[in-house]
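**Q** Structure below; questions to follow.
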Amino acid sequence: MEYMKNTSYFFVPFKYEKYERFKDLTRMLDESDSWDLVHDEIIYMMKYVADKLDSRKPEQCLCFHYEWNGRKREDFSGLKDWFSTQKHPFQGTEISFRFQLIGIQLYCFSTSVCIMVFQVQFEKNDPNYIASAEYYLKKVGREKIFSDQNPNEITFLKIAEKLMREVEEIGTFDYFYYANPSTERANVLSYLEMEKKEDYREDLFFLRYCYSEGFLYTEDQEREKKEIYQSSHDMIWGVSQEAAVCITCPEMGRGTFIRTTFYRNFNYQYLYMYILLLHQKYVLYMFLTEIGVGRYNTLETLEEYRRRLYEFEADFVFSCVTEVAQYQRLYDRMTDVFALKDMYEDINEPIRALTEERKRETEEEQKSREAKLNRSLLFLSILSVFSALIDSFDFSASFLGGTLKFGPAVVHGVQGVCILLIFLTAAGVLKSLFVSKKEKLKE
């Protein structure tokens, strides 16, 4: 029987401090001796999606893809090496799961979120072996691995930290910023070829959840309708919140196509689509984490969150990414299992609620200031009445009685009219102040 292929990707998310430094980060990576820029051919996606990911047009590109070349051996010397995990129980014995590190990739987005990707190939093509190995390896901050050439233990997370030290002047990198320490779990994307069999559901259960043999398969038809997608008679997908897997069966007649065209598309087109969905998830996690402590958010901060969220939705959130049915259907399935729409609502709701709360607080402060101003105006109005009375009496006496030589009766009459007008004016001012105050209280 011809050799069966398998490959798996482990995704390590992190973010840099300020999204405004996106161009600085990509410039440093371009100048680095360790990372090579990759110009992806995104041939199946809509132009309005692909144009934003075209690194040949750097001014409008919102995601740059790099590949680690391994030239600087002091960073990490494990490319193409064979690695082993710690010993774990498997089929009644203790074994170390073995895999070859095929490559390391890096996707940098303008949102400040980056994703480092480790591609591995397992020594055995057995689905139970692969699922069990992924169960341990997805715990990228805890599972120790070592290469045949170097017995020193390391983790995928430590490797990521080592490889990013070259561009640390951009600022600190926060890995798994949404998770508590020691609970980091990488998403996994897998491909493996299997022999023909009647039912792959149990294999898909363990592979799409990255479960070890300690878990028991329980049939759940409703869940499987959502999480299993058969794109053709010889290809079937399983998707979950934590992983996606594609099982192919080359012996059904399309072996050449599967092992060449489809396998190439899996490692480029399907991988990029999965990266875009993960990026949406990680950005939403970032917003939820930042908004979390509500009482420290000012109205200006919330408006900035809202602006960044709208910008992110315009740049990276699409319902339709392609007219190629098998890609779009898989994209829809993954969107559903990631619960992205629910997360958008989780973010929009606190922004709306906190914005309303901050507006109410601002309005209360405004009402308090207006109340103080009204009291001051009332006090000034009372003082102005006395001032106006004195001025009117002095004016009437000096001008009418002195300059125009009118008699006391005329002078007193004019003074009486002035007093009446002054009191009527003061009464009108006081009435308007009290009416305004009552209306604001009603509001």
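**Q** Hey, what's the stretch 6-338 come to in accessible area per residue, 1.4 Å probe, Å²?
**A** It amounts to 44 Å² per residue over the stretch 6-338.
**Q** Over 18 Å between Cα atoms, which of 5/196; 23/47; 226/341 qualify?
**A** 23/47
**Q** Give the distance, in whole Å, between the Cα centre of the stretch 153-184 and the Cα centre of the stretch 333-348.
**A** Distance between centres, Cα-based: 26 Å.
**Q** Name the residues whose placed amide hydrogens come within less than 5 Å of the amide hydrogen of residue 78, ignoring near sequence neighbours (fewer than 5 apart) on the same chain.
**A** Close amide H contacts, sequence-distant or interchain: none at all.
**Q** Oh, and also: Show the residues, 5+ positions off or on another chain, whose built amide H is closer than 5 Å to the amide H of residue 144.
**A** 86
**Q** Right, something else. So which GluC sites (Glu not before Pro) in the stretch 13-98 end up in coil per DSSP with only 14 or fewer other C-beta atoms within 10 Å?
**A** Answer in residue order: 17, 41, 59, 74.
**Q** In the stretch 1-93, what percent of the accessible surface is made up of carbon and sulfur (1.4 Å probe, ligands and nucleic acids excluded)?
**A** The nonpolar share, carbon plus sulfur, comes to 50 percent.
**Q** Given Cβ point charges of +1 (Lys, Arg) and -1 (Asp, Glu) and nothing else, what value in debye, to the nearest 20, does the dipole of the stretch 1-108 about its Cα centre take?
**A** For this selection, approximately 200 debye.
**Q** In the stretch 1-85, which trypsin sites (Lys or Arg not before Pro) are in a loop and have at most 12 other Cβ atoms within 10 Å, using DSSP for the loop call?
**A** Loop-located and lightly packed - 18, 56, 71, 73, 80.
**Q** Ok, one more. Under a 5 Å amide H to amide H cut-off, with H placed in plane at 1.01 Å, what residues pair with residue 5 once short-range neighbours are removed?
**A** Close amide H contacts, sequence-distant or interchain: 193.
**Q** Let me ask you something else. To the nearest Å, what is the center-to-center distance of the stretch 13-50 and the stretch 220-234, using C-alpha atoms only?
**A** 34
**Q** Let me ask you something else. At 0.36 nm per residue, and after removing the present C-alpha to C-alpha distance, how many nm does the segment from residue 326 to residue 47 gain when stretched out fully?
**A** 98.7 nm
**Q** How big is the dipole moment of the stretch 6-338 about its Cα centre under a simple scheme where the beta carbon of each Lys and Arg is +1, that of each Asp and Glu is -1, and everything else is neutral? Debye, nearest 20, please.
**A** Using Cβ point charges on Lys, Arg, Asp and Glu, the stretch 6-338 gives about 60 debye.
**Q** Follow-up question, since we're still on this one. Quick check: pseudo-label points 7 Å beyond the Cα along Cα→Cβ at residue 307 and residue 158, how many nm apart are they?
**A** So the two model labels end up 4.3 nm from each other.
**Q** Under the classification rounded if a/c is under 1.5, otherwise prolate if a/b is larger than b/c and oblate if not, where does the stretch 161-266 fall, given a ≥ b ≥ c as square roots of the Cα gyration tensor eigenvalues?
**A** oblate
**Q** Considering only protein heavy atoms and a 1.4 Å probe, what is the carbon-and-sulfur percentage of the accessible area of the stretch 224-334?
**A** 52
**Q** Can you pull out the trypsin sites (Lys or Arg not before Pro) in the stretch 222-305 that DSSP calls coil and that have at most 16 other Cβ atoms within 10 Å?
**A** none
The values are calculated or read from the model by the stated rules, or taken from the named source; none is laboratory data. Remember, predicted model here, so these are calculated numbers, not experimental data. When we count neighbours, we look across all protein chains shown, and the Cβ atoms used for this are built from the backbone with ideal geometry, even at glycine. The accessibility values were calculated without ligands, DNA or RNA, using every heavy atom of the protein model including side chains. Shrake-Rupley method; radii C 1.70, N 1.55, O 1.52, S 1.80 Å.
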